[in-house]
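Asks: Got a structure for you, questions after.
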Amino acid sequence: MIEVEGLTKFYGPKAAIQEVSFQVARGEVVGFLGPNGAGKTTTMRILACFMPPTSGTARVAGFDIGKDSLQVRRRIGYLPENVPLYGDMTVRQYLTFAAEAKSVPRQERGKRLASVMERCLISDVSDRLIRNLSKGYRQRVGLAQALVGNPEVLILDEPTLGLDPKQIIEIRSLIRDLRGERTVILSTHILPEVAMVCQRVIIINESRIVAVDTPENLNLRLQKSSRILLEVDGPAEEVQKALAAVEGVLTVAPQEARDGRRRFLVETDREQDLRKDLARAVTSNGWGLTELRPVDLSLEDIFIRLVTREEEA
Amino acid sequence: MGIAAIFKKELRAIFASPVAYVVMAVFLALSGYFFWGFLARFTFYSIQASMNPAIGGGVNIMELVLGPLFQNMGIVMLLMMPLFTMRLFAEEQKAGTMELLLTYPVRDGAILLGKFLAVVVLLGCMLALTATYPILLMAWSAPEPLPILAGYLGLLLAGTAFLSLGLFASALTENQIVAGSLAFGALLLIWVLGWSADLAGGTVGKILGHLSFLNHFEAFARGIIDTKDLIYYLNVTALFLFMTLKAVEARRWRA
């Protein structure tokens, strides 16, 4: 559905993205992940035909973004990062305008508007001025204008930015519902969001793609060690020494103390399960073991690793 | 489809904001004042003429009232058109809505024309309101209707030329005041080029004279449609619309 080849964009001498290539299949939800300034917005703006790349090509539904820009624009719905809307229009006026601009036939307009507003949960504010809406509602109006042209592809730049937790959950479930029905590219810097919503992740850092995979695979690939968290009632230094002495332990990192109890994050060789050995090491010294649990490498950690690995290279 | 959508959106924005009404009211007040002034002078001349048959033939209502009125309305319009156009692109660029608009399946040219036609309609409304003056005259006297229509055609053409220049200025910046100032300065400069034409003389003077807004308006104000003037205003309008289109396209590259 989307094929991107060697996309590069320079702002003056500074490269925003370099040699970005990836593909997105029909009906897939793909997450664009990266720190601020990595090039997510630039990539999305180019795909949305807002601006041309310095070099490289991209095709959306078989149409070139440069030569057939109008055809591409007919097939996409775009939500820019800061959700720019016309404040002095009501929601209904604005969506009517968007539908007209996107050539929705007059007979279908009313029905389309109603269904989009219902889907985005904004029917109750349809006659209010956009200027007076809360951030959450504005975001949903933005999503509604992206959907109103019934596009095959949705490009959403930070769709949950600045929302409260309840609104974030609503927007995410809305995007999840689109899975299979439309192709979605969304960018975010909130990592759990990607795991929750996306089938595939593209990690971009310092203008280049560093990894493309499913969230689960990334997890497996990078989890070369497993980690165990212990909470021990005992003298800090001695406990640390005792834990480090257990065979198979790579590192022991003391964590912040809570209620006078010491917490340690132990990184172990992935092949062995050291939980029993660690427990024995604590109890045989007469200290109290209050908690012991394995810790999964979170997407945050994966992300940090990928990004720092890139820096070391 | 695209043009119509943009046109409707702009028209709604124009008439939802107080700017249009304030500018129209100020324009009507000023032109009303001029009308009263010229009419008073005309009355005074007429009374003198009736008492002194020697100068009787020289009193003409087009020449003494409507001609000068159109001239002055042209100048006031020049001051006010930038107020209509300055927000058209600048506001969208500032608010970021331009980003969304440029990703809609609407050609840049359609966006431009939609916006332009909306302000032309506004100009038309403003000029239509001043029609009260000649209509008032018709109640008491019998001015020729065709020269009056020629005068209005001149105002409309000059006005659209001003609007296209203002639209171009608005596409250059995201600051409305900057857009307004640029347009106002450029319009005034082109208007007064005619003054330097007399000083320069020769070929340079002729060229300057041809470029001036002022010189091309004089015939219209007297009720005469000269194709040379007609083509001049249409050319200026087309030129600035074309430059605006290029400025909008350049926005994409620079974004």
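Asks: Only bridges with both residues in the protein assembly as shown count here: give the DSSP antiparallel percent, nearest 5.
Replies: Around 70 percent of the beta bridges assigned by DSSP in the protein assembly as shown are antiparallel ones.
Asks: Please state, to two decimals, what the Cα-based radius of gyration of region A:80-146 comes to when divided by 2.2 N^0.38 Å (N = residues).
Replies: Details: Rg = 10.9 Å, N = 67, 2.2 N^0.38 = 10.9 Å.
Its radius of gyration relative to the 2.2 N^0.38 Å reference: 1.00.
Asks: Over what distance in Å are the Cα centres of region B:163-203 and region A:162-218 separated?
Replies: What the calculation gives is 50 Å, centre to centre.
Asks: Please sort through the DSSP H helices of chain A and keep those with an alpha-carbon extent of at least 27 Å along the long axis and a Kyte-Doolittle average not below -1.0.
Replies: Long hydrophobic helices here: none detected.
Asks: How large is the charge dipole for region A:4-128, taken about the Cα centre, if only the Cβ atoms of Lys, Arg (+1) and Asp, Glu (-1) carry charge, to the nearest 20 debye? All intermediate terms of the calculation are to be shown ahead of the outcome.
Replies: Numbers: 18 positive and 12 negative charges, 52 e Å.
Dipole magnitude for region A:4-128 comes out near 240 debye.
Asks: Same structure again: Hey, quick one: spin label on A:Lys14, modelled 7 Å out along Cα-Cβ, who in region A:48-66 has an amide N within reach, i.e. under 17 Å?
Replies: Correct set: A:54.
Asks: Something else now. With a/c under 1.5 counting as rounded, go ahead and sort the protein assembly as shown into rounded, prolate or oblate using the C-alpha gyration tensor (a ≥ b ≥ c being the square roots of the eigenvalues; past the cut-off, prolate if a/b is larger than b/c, else oblate).
Replies: prolate
Asks: With a point put 7 Å past each Cα toward its Cβ, work out how far A:Glu216 is from B:Thr43 in nm, to one decimal.
Replies: 9.3 nm
Asks: So, R0 is 22 Å and r is the distance between the beta-carbons of B:Met243 and B:His210; what FRET efficiency does that work out to, to 0.05?
Replies: 0.70
Asks: Considering Cα pairs under 8 angstrom that are at least six residues apart, work out the relative contact order of chain A and quote it in whole percent.
Replies: In percent, rounded to a whole number, it is 19.
Asks: Still on this structure: Normalised by the number of residues in region A:225-295, what is the relative contact order in percent for Cα pairs under 8 Å and 6+ residues apart?
Replies: Details: 131 pairs, mean separation 33.7, N = 71.
Across region A:225-295, relative contact order equals 47 percent.
Asks: Work out how much length A:Ser284 to A:Lys241 would gain on full extension: take 0.36 nm times their residue separation and subtract the Cα-Cα distance, in nm to one decimal.
Replies: Length difference between fully extended and current span is 14.1 nm.
Asks: Let me ask another. Which of rounded, prolate or oblate describes region B:127-255 when judged by the alpha-carbon gyration tensor and an a/c cut-off of 1.5?
Replies: oblate
Asks: Something else now. Where the centre of each part is set by its Cα atoms, how far does region B:64-87 sit from region A:83-128, in angstrom?
Replies: 39 Å
Asks: Moving on to the next point. For the protein assembly as shown, what does -39500 (n - 2.57) per DSSP helix run (n ≥ 4), summed and divided by total residues, give at 222 nm, in deg cm²/dmol to the nearest 500?
Replies: Calculated mean residue ellipticity at 222 nm is -18500 deg cm²/dmol.
Asks: Taking a ≥ b ≥ c as the square roots of the Cα gyration tensor eigenvalues, with a/c under 1.5 meaning rounded and otherwise prolate when a/b beats b/c, else oblate, which class fits region A:112-192?
Replies: oblate
Asks: At 1.4 Å probe size, put B:Thr227, B:Thr85 in order of accessible surface, largest to smallest.
Replies: B:Thr227, B:Thr85
Asks: Report the relative contact order of chain B, percent, no decimals, based on alpha-carbon pairs under 8 angstrom and at least 6 residues apart.
Replies: Values: 301 pairs, mean separation 65.6, N = 255.
It comes to 26 percent, rounded to a whole number.
Asks: How many Å³ per residue does the convex hull of the Cα positions in region A:2-220 occupy? Walk me through the numbers on the way to the answer.
Replies: Working: hull volume 25.9 nm³, N = 219.
Cα convex hull per residue, to the nearest whole number: 118 Å³.
Asks: Spin-label point model (7 Å from Cα, Cβ direction): what's the B:Asn175 to A:Glu256 distance in nm?
Replies: 4.5 nm
Asks: Okay, next question. Can you list residues from other chains, or at least 5 along the same chain, whose modelled amide H is less than 5 Å from the amide H of A:Asp269?
Replies: Residues meeting the criterion, in which the H sits 1.01 Å from N, are A:Leu250.
The values are calculated or read from the model by the stated rules, or taken from the named source; none is laboratory data. Note that this is a predicted model, so its numbers are computed, not measured. Please note: Cβ atoms are built from the backbone with ideal geometry, for glycine as well, and neighbour counts cover all protein chains shown. Ligands, DNA and RNA are excluded from the accessible area calculation, which covers all protein heavy atoms including side chains. Shrake-Rupley method; radii C 1.70, N 1.55, O 1.52, S 1.80 Å.
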